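Colleague: Got a structure here, written out as structure tokens. Questions coming.
The values are calculated or read from the model by the stated rules, or taken from the named source; none is laboratory data. Owing to the predicted nature of the structure, the values given are computational and were not obtained by experimental measurement. Cβ placement follows ideal geometry from the backbone for every residue including glycine, while neighbour counts extend to all protein chains displayed.
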Amino acid sequence: MRPLTLSPNSVNLPASSSGAHSGAPVGIFDSGLGGLSVLRAVRALLPAERLVYVADSRYAPYGQRDDDFIADRTLAIGEWLVAQGAKALVVACNTATAQSIALVRERLSIPLVGVEPGIKPAALASKTRVAGVLATQVTLRSARFQALVERHAADLRVLCQPGHGLVEAVERCDVNSPELLALLRAYVEPMLEAGADTLVLGCTHYPFLDAAIRSIVGERMALIDTSVAIARQLERVLEQHGLRADGGNAGAGPDDIRFCSTSDGAHLRELAAALLGLDAEVERVAIPSRRTRELEANAA
């Protein structure tokens, strides 16, 4: 079975108010390294676009944070990317989208693309009418996720499994260790036993675990990945606002991708090399916000 894709949630705001132009970069943001799966898809579909990728690795994973912290960080990083000249923002994080999309929509002046778990394509694909969802606890408990299930999966049995430990594994560039495989097996084998024939990868970190998951499930489950659909939605949004970069298939080079991290960036550079084939420098950036100032004040 080939992976299926989801049309992600998007909110299109007038680009004119930001003064953005087609040669400006697209900002891509994730709590850590998972958004590299989205960057990979965007780079393949829109090779002429300049990109700025921000990993908030200092405060990852977001799945262990409270809702206010997630919204605070998402808005701060979105505002930072606008200040860097970004013409559009991809929130390449299911957790951040679930908790923050409405706030960010109200506050930012550039087009926005978010992502949500692929419940609708799971409902369309499943023949057994049982589907598994692997996502962070924050995503699974969100009202946005519950609304997706109610809207698209009324006749589908949805098995929700928090992916505790999976984001951390990807963040340390572990995508195939025996320990990781054992963890994945504990998550997906009960789904198989319950009759699930479809698995939603409900976090942008999880496509990097595709091979590991397939080594366990084989062809018994379709894996639903959102990254390609996010890139397609970004393409539509840029064209709607007259912001798509010129250059056709000439393509932007590796130097047209700016990698930034709120941590030291070592794992970001390692994963970009291992999974994207990019030997990229990573810029350490400081993006303070209300909640991180509180953390630092309490630690002092």
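Colleague: In the list Val170, Val158, which residue meets the criterion of being among the aliphatic types (A, V, I, L, M), touching a residue at least 12 places away in the same chain (Cβ under 8 Å), crowded, with 20+ Cβ neighbours inside 10 Å and assigned to a strand (DSSP E or B)?
Modeller: Working: Val170 fails: assigned to a strand (DSSP E or B).
Only one candidate passes the filter, namely Val158.
Colleague: Can you pull out every residue in segment 69-103 that is surrounded by fewer than 24 Cβ atoms within 10 Å (Cβ to Cβ) and touching a Lys or Arg at 6+ places or on another chain (Cβ under 7 Å)?
Modeller: Within segment 69-103, Phe69, Asp72, Leu75 meet the criteria.
Colleague: Identify, from the list Leu243, Leu209, the residue that is modelled with pLDDT of 95 or more and either among the acidic types (Asp, Glu) or not assigned by TED's automatic domain parsing to the domain that holds Pro47 (or both). Quick ask: steps written out before the conclusion?
Modeller: Details: Leu243 fails: either among the acidic types (Asp, Glu) or not assigned by TED's automatic domain parsing to the domain that holds Pro47 (or both).
Going through Leu243, Leu209 in turn, just one is modelled with pLDDT of 95 or more and either among the acidic types (Asp, Glu) or not assigned by TED's automatic domain parsing to the domain that holds Pro47 (or both): Leu209.
Colleague: Do we have any residue at all in segment 61-70 that's over 16 Å from Ala143 (Cβ atoms) and among the acidic types (Asp, Glu)? Quick ask: steps written out before the conclusion?
Modeller: The first filter runs over segment 61-70 and keeps only residues over 16 Å from Ala143 (Cβ atoms), leaving 61-65, 69.
Narrowing further to those that are among the acidic types (Asp, Glu): none.
No, there is no match, as no residue in segment 61-70 is over 16 Å from Ala143 (Cβ atoms) and among the acidic types (Asp, Glu).
Colleague: Give the residues of segment 25-40 that are farther than 13 Å from Thr262 by Cα and surrounded by 24 or more Cβ atoms within 10 Å (Cβ to Cβ), sorted by residue number. Write out each step before concluding.
Modeller: Going through segment 25-40, the residues farther than 13 Å from Thr262 by Cα turn out to be 25-28, 34-40.
Hits for segment 25-40 are Val26, Gly27, Ile28, Gly34, Gly35, Leu36, Ser37, Val38, Leu39.
Colleague: Got at least one residue in segment 44-65 being modelled with pLDDT of 95 or more and touching a Leu at 6+ places or on another chain (Cβ under 6 Å)?
Modeller: yes
Colleague: Does Ala182 qualify as being among the aliphatic types (A, V, I, L, M), in a strand (DSSP E or B) and over 14 Å from Tyr62 (Cα atoms)?
Modeller: On the way: among the aliphatic types (A, V, I, L, M): yes; in a strand (DSSP E or B): no; over 14 Å from Tyr62 (Cα atoms): yes.
For Ala182, the condition - among the aliphatic types (A, V, I, L, M), in a strand (DSSP E or B) and over 14 Å from Tyr62 (Cα atoms) - is not met.
Colleague: Which of (1) touching a residue at least 60 places away in the same chain (Cβ under 8 Å); (2) surrounded by fewer than 20 Cβ atoms within 10 Å (Cβ to Cβ); (3) out of contact with any strand residue (DSSP E or B) (no Cβ under 9 Å at 6 or more places or on another chain) is the odd one out, the single condition Ser289 does not satisfy?
Modeller: With (1) touching a residue at least 60 places away in the same chain (Cβ under 8 Å); (2) surrounded by fewer than 20 Cβ atoms within 10 Å (Cβ to Cβ); (3) out of contact with any strand residue (DSSP E or B) (no Cβ under 9 Å at 6 or more places or on another chain) applied to Ser289, the lone miss is (2).
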